[in-house]
Structures are given as C-alpha cells and as structure tokens.
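Chemist: One structure follows; several queries about it will come next.
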Amino acid sequence: MVQCWVWRRVRDAVEVLLLHRHETKGDFWQPVCGQVEEDESLLEAVEREIEEETSLIEFEVDDDVFFKFTFDKDYLTGKTIEPVTEHVFSAELQSDGEDEQEVNITRNFSDEHDMFRWVSVEDALRMLKWNDNKVALSKFVEKYKVK
C-alpha cells in the first residue's frame, strides 16, 4: 500500500490535504492512500492514487519513501488480516501563484471520500484518527522542516 502527504505552500505556511472517508467506509480523516496494482511501482501507485482521489495533476512527488509502517488489523472490521506495509511519500502541489488547482473528490469511482480540507499540520494531527498516520505526518514535518 501507499500513503502520500499532498501539501502546498500558502504564504509562509504549509497546508496538507486531508480526505474524509464516508461514514459507510470508516468515517475518519486520512491522507491520500491506496493499493499498489499488479505491475505497478510504488511511485506509479502514488501518482495514480493522487489523480484518482483528488483530480490533481500538477504535483511533484518526492520519490523517497520517508517512512513505512505495518499493520495487521482491518480498520473497518477490527478483524486480524495479513500484515500490510504502507509506504509513505510526499507530493508538493505545483502552482504558479495565479491558477490554483482545484481538488475534486467526486471523480473517484469508489466514492470512498465525501469531504476534503487543506489544513495546517497542527490541525491535521488533531483530525487524524490513526496513530500511524500521525507518526507519518510527524516524519514528514521532520524531513521537510515544515510547520
């Protein structure tokens, strides 16, 4: 699996993109996440998931996996599953300062998300449900020296 912290600079601050999973799919906030398809690299999966879940097309993915974690509980049912490793990336939204790209979550065929928000790192840490996501965001902050 892959996870990606999509972020942008707004004046002197950094905002990260959070997606809200529909209540029928868990009812929590998360970054862009998804499966790696057959014959697809981790980087290709990250780029595809960003486009599928957000409709963003102009972003720069750092091809360095800066964190990874493993979990063995299904977050929707609580049942034990085979261990799954999630590889964490970051992608900076590209903008020329005039034409800001718009996030559109309605084009995702899975309808897993019903809301999105650009938020500060502090707000994201409060909004995230899963500790692994909070640790991943903290690692993002350490790596990129953002606030």
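The values are calculated or read from the model by the stated rules, or taken from the named source; none is laboratory data. In this text the structure is predicted, and so the values were computed from the model without any measurement. When we count neighbours, we look across all protein chains shown, and the Cβ atoms used for this are built from the backbone with ideal geometry, even at glycine.
Chemist: Of all residues in region 22-64 being among the polar types (S, T, N, Q) and over 16 Å from Glu86 (Cα atoms), which is surrounded by the fewest Cβ atoms within 10 Å (Cβ to Cβ)?
Modeler: Going residue by residue through region 22-64, those that are among the polar types (S, T, N, Q) are 24, 30, 35, 41, 54-55.
Then keep just the ones that are over 16 Å from Glu86 (Cα atoms); that gives 24, 54-55.
Working: Thr24: 10, Thr54: 25, Ser55: 15.
Across region 22-64, the extreme among qualifying residues is Thr24.
Chemist: Could you please give the count of residues in region 109-124 that are among the acidic types (Asp, Glu) and farther than 19 Å from Glu142 by Cβ? Give the steps one after another, and end with the answer.
Modeler: So the first thing to find is which residues in region 109-124 are among the acidic types (Asp, Glu), and the list is 111-112, 114, 122-123.
Okay, now just the ones that are also farther than 19 Å from Glu142 by Cβ, so 111-112, 114.
Count: 3.
Chemist: Restricting attention to region 65-91, report how many residues are at pLDDT below 90 and under 27 Å from Val14 (Cβ atoms).
Modeler: Matching residues across region 65-91 total 2.
Chemist: Among (1) among the small types (Gly, Ala, Ser); (2) within 15 Å of the chain's Cα centre (by Cα); (3) on the phi < 0 side of the Ramachandran plot, which single condition is Ser55 missing?
Modeler: Status for Ser55: all satisfied but (3).
Chemist: Oh, and also: Scan region 121-147 for residues that are of a type in the set (S, T, N, Q) and surrounded by 15 or more Cβ atoms within 10 Å (Cβ to Cβ) and jot them down.
Modeler: Of everything in region 121-147, just one residue is of a type in the set (S, T, N, Q) and surrounded by 15 or more Cβ atoms within 10 Å (Cβ to Cβ), namely Asn133.
Chemist: Scan region 37-75 for residues that are without any contact (Cβ under 8 Å) to a residue 60 or more places away in the chain, closer than 26 Å to Trp118 by Cβ and not charged (D, E, K, R) and jot them down.
Modeler: Leu42, Leu43, Ala45, Val46, Ile50, Ser55, Leu56, Ile57, Phe59, Val61, Val65, Tyr75
Chemist: Looking only at region 63-92, how many residues end up being charged (D, E, K, R) and either over 23 Å from Val141 (Cβ atoms) or touching a His at 6+ places or on another chain (Cβ under 6 Å) (or both)?
Modeler: At the first step, the residues of region 63-92 found to be charged (D, E, K, R) are 63-64, 68, 72-74, 79, 82, 86, 92.
If we keep only those that are either over 23 Å from Val141 (Cβ atoms) or touching a His at 6+ places or on another chain (Cβ under 6 Å) (or both) too, we end up with 68, 72-74, 79, 82.
Looking only at that region, the number is 6.
Chemist: Quick one: which residue in Glu47, Glu100, Glu60 is at pLDDT below 95 and farther than 17 Å from Phe140 by Cα?
Modeler: Values: Glu47 fails: at pLDDT below 95; Glu60 fails: farther than 17 Å from Phe140 by Cα.
Exactly one of Glu47, Glu100, Glu60 is at pLDDT below 95 and farther than 17 Å from Phe140 by Cα, namely Glu100.
Chemist: Before we move on, is Lys79 surrounded by 15 or more Cβ atoms within 10 Å (Cβ to Cβ) and farther than 25 Å from Met115 by Cβ?
Modeler: Details: surrounded by 15 or more Cβ atoms within 10 Å (Cβ to Cβ): no; farther than 25 Å from Met115 by Cβ: yes.
No; evaluated as a whole, the condition is false for this residue.
Chemist: Of all the residues that make up region 98-109, how many are of a type outside the set (A, V, I, L, M, F, W, C), in contact (Cβ under 8 Å) with a residue 12 or more places away in the chain and surrounded by fewer than 15 Cβ atoms within 10 Å (Cβ to Cβ)?
Modeler: Initially, region 98-109 is screened for residues of a type outside the set (A, V, I, L, M, F, W, C), giving 98-102, 104, 106-108.
If we keep only those that are in contact (Cβ under 8 Å) with a residue 12 or more places away in the chain as well, we get 101-102, 104, 107-108.
Checking the rest, the ones that are also surrounded by fewer than 15 Cβ atoms within 10 Å (Cβ to Cβ) come to 102, 104, 107.
Residues that pass the stated criteria total 3.
Chemist: Regarding Lys129, is this residue over 15 Å from Gly26 (Cβ atoms) and not aliphatic (A, V, I, L, M)?
Modeler: On the way: over 15 Å from Gly26 (Cβ atoms): no; not aliphatic (A, V, I, L, M): yes.
So Lys129 does not fit the description; no.
Chemist: Still on this structure, I have one more. In region 126-147, what residues are at negative phi, out of contact with any Phe, Trp or Tyr (no Cβ under 8 Å at 6 or more places or on another chain) and not in a helix (DSSP H, G or I)?
Modeler: Lys147 - this is the single residue of region 126-147 that is at negative phi, out of contact with any Phe, Trp or Tyr (no Cβ under 8 Å at 6 or more places or on another chain) and not in a helix (DSSP H, G or I).
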